[in-house]
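One structure is given below, encoded as structure tokens.
The values are calculated or read from the model by the stated rules, or taken from the named source; none is laboratory data. The structure presented is a predicted model; accordingly, all values stated were derived computationally and were not measured. In this analysis, Cβ positions are derived from the backbone assuming ideal geometry, glycine residues included, and neighbour counts consider all displayed protein chains.
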Amino acid sequence: MKTMKAAVLSRPGSMEIREVKQPSCPKDGVLVQVRACGVCAADVKMLSAGHRALVYPRILGHEIAGIVAQSRSPLFREGDRVQVPPGLSCGVCRHCGAHADNQCPSVQILGFNRDGGFARYLALPLGAGPVRAVLHPLPSNTPFEHAVFAEPLACCINAQNKLGLSPNDTVLIVGAGPLGQMHAALAAHKGAALVLMADMDSRRRILSESMGIPVLDALDSSFFEQAMALTGGRGVDVLILAAGVGLEARFLEIMGVGGRISIFSGMSSDHSRSALDLNRIHYREIIVAGAYGCTVRQNAQALEWIASNGAAVERLITRRVSLDAIAEGFSHVREKVALKSVVEVENE
């Protein structure tokens, strides 16, 4: 029996590096040798508190890039460099038919209810079946550690598409972590007239300021006055909640006429039950849109963007660790002292 090294979560608070059975290449599928996998805040949360979709033991990791080690599919050959979108969907339901595969009722997600990328190998079915994966060829000039940003960037694309973000918009992103920074880069790329950030954590604000982005203290008593001054008194056109905070009155108050709000991050139940001034939404014609995950098509768009904007993601990588040192990468994300940890899986 072939074995491989993997980081296995056996229960909340207990993850260890161990040898596990190496998966075999599925019929009409591929076996991917993982080369890089990003550490997401969701991974850190699952390690500490679990998740309703988890079945233990589980190999976490959903921001994945690697090389096809074995193929039983006509679509890929051994040696192909690939990025792996984390969602496996049915491909036949009405959501999949509308390119909204993130809403497929049969969806399975790598690193959540299916083993993910904190391992040497990952088996992916590509043929017909209850669910199937889709892989994207990775351009030769795109490093594996850059490709791990395709999934989180695709989530940002999903949200900004729903908002219709366009040139001349003033954008405020609440949450200055990696996703907030990707939102900022994408909004600037789309020609936003002004991109602002806000965070309640002083460590995040310092990091954001070091990157040249104006950042507000979301808890400061002068938050409203500062936001209005920076927008010339007009208010914000686009608000993206990229942190686990609710749509609080202080955020709604700074919205301009015709403003659009994205509920981008999941949040705890005490934050999700917000009391909103519906009259303010009514008279100012404010749109509130949810954004959950991303689609396979948006993963492809994100990968194309990264291939042309490598420097924008390279600066977000603040720690590279081996699979053996994955605990260090998780700690790096948990403590919010920097931005992104990437696990680089050793080549065999």
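Please indicate, with yes or no, whether at least one residue in the range 93-102 is surrounded by 16 or more Cβ atoms within 10 Å (Cβ to Cβ), under 24 Å from Val55 (Cα atoms) and either not charged (D, E, K, R) or not assigned by TED's automatic domain parsing to the domain that holds Ile64 (or both).
Checked against the condition, which is being surrounded by 16 or more Cβ atoms within 10 Å (Cβ to Cβ), under 24 Å from Val55 (Cα atoms) and either not charged (D, E, K, R) or not assigned by TED's automatic domain parsing to the domain that holds Ile64 (or both), the range 93-102 yields at least one hit.
One line per residue, one yes/no per condition, for (1) more than 30 Å from Asp101 (Cβ to Cβ); (2) touching a helix residue (DSSP H, G or I) at 6+ places or on another chain (Cβ under 7 Å):
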site	(1), (2)
Thr231	yes, no
Ile240	no, yes
Glu248	yes, no
Ser262	no, yes
Gly266	no, no
Asp270	yes, no
Leu278	yes, no
Gly290	no, no
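Inside the range 173-246, counting only strands (runs of 3 or more DSSP E) that do not spill past its ends, which hold 1 or more residues that are modelled with pLDDT of 90 or more, surrounded by 22 or more Cβ atoms within 10 Å (Cβ to Cβ) and out of contact with any Leu (no Cβ under 7 Å at 6 or more places or on another chain)? If you could, list the steps in order and put the result at the bottom.
Values: elements: 194-199, 215-217, 236-241.
Passing ranges, in order: 194-199, 236-241.
Taking the range 31-71 on its own, how many of its residues are under 19 Å from Ser341 (Cβ atoms), in contact with a strand residue (DSSP E or B) (Cβ under 9 Å, 6 or more places away or on another chain), of a type in the set (Gly, Ala, Ser) and not in a loop (DSSP other than H, G, I, E, B)?
Looking only at that region, the number is 4.
Among the candidates Ser166, Ser73, Ser140, Ser106, which residue alone is surrounded by fewer than 21 Cβ atoms within 10 Å (Cβ to Cβ), touching a residue at least 24 places away in the same chain (Cβ under 8 Å) and within 30 Å of Gly212 (Cβ to Cβ)?
Answer to the check: Ser166.
Residues that are among the aromatic types (Phe, Trp, Tyr) and either assigned by TED's automatic domain parsing to the domain that holds Glu225 or farther than 30 Å from Leu126 by Cα (or both): find the helices (runs of 4 or more DSSP H) completely inside the range 248-301 holding 1 or more of those.
It comes to 249-252, 278-283.
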